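What follows is one structure encoded as structure tokens, with my remarks underneath.
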Amino acid sequence: MTTSSTSTQSVRFETTDYERAGDYLTSVYGMTIRMTGRRVGYSFVFTQLVTPTFSVGTAGQTDGMSLDVVDPPASLYVLRPRGAVIEYRSPKTDQRIGPSELFIASEGAEGSPYRVRWTNGAIEATALPFPLLNRVAGVQEGEPPVQFTDLRPRSRVATRQLAATIDHLVEGMRDRPEMMATPLVASTSGQLLCAAVLTAFPNTVLRDPTIEDRHDSHPRTLRRAIAYIDDHAHEDISVTDVAAAANVTIRALQHAFRRHRATTPMGYVRLVRLRQAHLGLLAADPTTGTTVTQVAAQWGFFHPGRFARYYREIYGASPYQTLLRDAP
């Protein structure tokens with residue numbers, strides 16, 4: 001069964017047929033998956049929440065199951081056991097992942113097959129398309145795509161932070177699908193998740209500016225970037241887009257914002273969107289049914305509590321106070 005809003009889908013599939021379970025996973029993930037295991041007394045349940053930029057699926061079953069992934073996938077998969085133990089094998093590594101851990105299956109991007117096996121229980125797979133990861137990582141034309149140098153997070157703290165981000169987004173997708181369907185929310189949530197993955201797992205993204213980058217991080221660069229952000233904050237923009245508009249590398253752009261504004265390019269994007277939400281609240285008439293949640297979602301803010309905190313830090317009042325300032 002599938003239910004959907006404009007751009008968020010909720011999927012559920014159940015079967016007691018082992019081969020149907022394998023065929024279904026193959027169709028969902030768009031890669032050849034060979035499944036092996038016991039076929040008698042088998043039960044399989046799959047649920048998935050899907051947005052235009054990422055998906056989170058959970059597969060639970062009553063037997064040990066093996067998935068042989070033989071084709072390069074189109075997405076990076078962050079795996080999390082949910083009461084199961086995962087065994088991951090590839091030509092490069094053998095790993096065992098427990099319920100409190102996260103792991104990425106990234107070797108398929110290079111065409112290397114791998115096997116995932118798990119015991120009775122469930123695993124969660126968060127899928128992020130590689131083009132979006134590269135975009136958020138700041139990979140520019142002609143540069144090699146981002147590669148992960150370790151399939152485990154940098155630390156336990158990184159594991160907890162990424163798990164919390166995934167849970168936070170799943171909560172929004174499940175409980176507020178109409179908000180997640182808002183175009184800016186769909187784009188910013190995907191970028192947020194990619195950034196969290198890039199922060200959690202060691203990778204090849206070069207973060208320190210070169211001498212040339214430092215030379216290019218002058219006020220003119222900042223002015224070009226700010227002008228672009230001010231004009232395009234209502235669109236799905238990334239740090240790559242801003243750097244291209246400013247005609248500098250992403251590292252130079254980031255250094256310019258740190259040097260002259262003590263923030264990041266996307267931090268400034270959030271500030272501009274927050275200002276637009278403020279103007280929207282000032283112009284709104286609460287008697288017509290306009291809510292803070294609606295205005296926030298229009299500008300890419302999908303977590304009401306976090307939006308309220310950002311708003312209070314800048315404007316010294318809650319967004320609800322602004323919306324209801326003239327209400328009888």
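List the DSSP H helices in the chain whose Cα atoms stretch 24 Å or more along the helix axis and whose mean Kyte-Doolittle hydropathy is at least 1.0.
Qualifying helices: 183-200.
So if R0 is 45 Å, what FRET efficiency would residue 294 and residue 157 give, r being the distance between their Cβ atoms, rounded to the nearest 0.05?
Approximately 0.80, to the nearest 0.05.
Full extension from residue 244 to residue 263: what is 0.36 nm times the residue separation minus their Cα-Cα distance, to one decimal in nm?
Value of the extension gain: 5.0 nm.
Taking the Cα centre of the stretch 7-166 as the origin and placing charges on Cβ (Lys, Arg +1; Asp, Glu -1), which of 51, 120, 70 is farthest toward the positive end of the dipole?
Of the listed residues, the answer is 120.
Can you pull the one-decimal nm distance between simple spin-label points at residue 93 and residue 147, each 7 Å off the Cα toward Cβ?
1.4
When a/c is below 1.5 the answer is rounded, else prolate if a/b is larger than b/c, else oblate, so apply that to the stretch 129-192 with a ≥ b ≥ c taken from the square roots of the Cα gyration tensor eigenvalues.
oblate
At 7 Å along Cα-to-Cβ for each site, give me the label-to-label distance between residue 175 and residue 235 in nm.
Spacing of the two 7 Å Cα→Cβ label points: 3.4 nm.
Between residue 279 and residue 223, what is the label-point separation in nm under the 7 Å Cα-to-beta-carbon projection?
2.1
When the chain is fully extended, how far beyond the present Cα-Cα distance does residue 314 get from residue 199, taking 0.36 nm per residue of separation?
38.7 nm
Quick check: from the Cα gyration tensor, does the stretch 30-105 come out rounded (a/c under 1.5), prolate or oblate?
Note, shape of the stretch 30-105 comes out rounded.
Give me the dipole magnitude in Debye, nearest 20, for the chain about the Cα centre, with unit charges on the beta carbon: positive for Lys and Arg, negative for Asp and Glu.
920
Please find, in a Gaussian network model of the chain (springs between Cα atoms separated by less than 10 Å), the residue of 66, 100, 155 whose mean-square fluctuation is greatest.
With Cα springs under 10 Å in the chain, the top fluctuation among 66, 100, 155 is at 155.
Rolling a 1.4 angstrom probe over the protein heavy atoms, how many square angstrom per residue are accessible across the chain?
On a per-residue basis, 48 Å².
Which is farthest toward the positive dipole end of the stretch 152-246 among 196, 158, 173, measuring Cα position about the Cα centre, with Cβ charges +1 (Lys, Arg) and -1 (Asp, Glu)?
So the residue we want is 158.
With +1 assigned to the C-beta of every Lys and Arg and -1 to the C-beta of every Asp and Glu, and no other charges, what is the dipole magnitude of the stretch 240-313 about the Cα centre in debye, to the nearest 20?
Using Cβ point charges on Lys, Arg, Asp and Glu, the stretch 240-313 gives about 400 debye.
Taking 0.36 nm per residue of separation and subtracting the Cα-Cα distance, what length does fully extending residue 120 through residue 74 add?
My answer for the length gained is 13.8 nm.
Ignoring ligands, DNA and RNA, how do 47, 159 rank by accessible area with a 1.4 Å probe, largest first?
Descending order: 47, 159.
What whole-number distance in Å separates the alpha-carbon centres of the stretch 41-91 and the stretch 202-277?
With the stretch 41-91 and the stretch 202-277 each reduced to a Cα centre, they are spaced 36 Å.
Using Cα springs under 10 Å in a Gaussian network model of the chain, which residue among 301, 148, 103 shows the largest mean-square fluctuation?
148
Take the alpha carbon gyration tensor of the chain, find the square roots of its eigenvalues, order them as a ≥ b ≥ c, and report rounded if a/c is under 1.5; if not, report prolate when a/b exceeds b/c, else oblate.
oblate
The values are calculated or read from the model by the stated rules, or taken from the named source; none is laboratory data. Since this is a predicted model, take the numbers as computed values, not measurements. Reconstructed Cβ throughout: ideal geometry from the backbone, glycine too, with neighbour counts over all protein chains shown. Areas reflect the complete protein model, heavy atoms only, side chains present, ligands, DNA and RNA absent. Shrake-Rupley method; radii C 1.70, N 1.55, O 1.52, S 1.80 Å.
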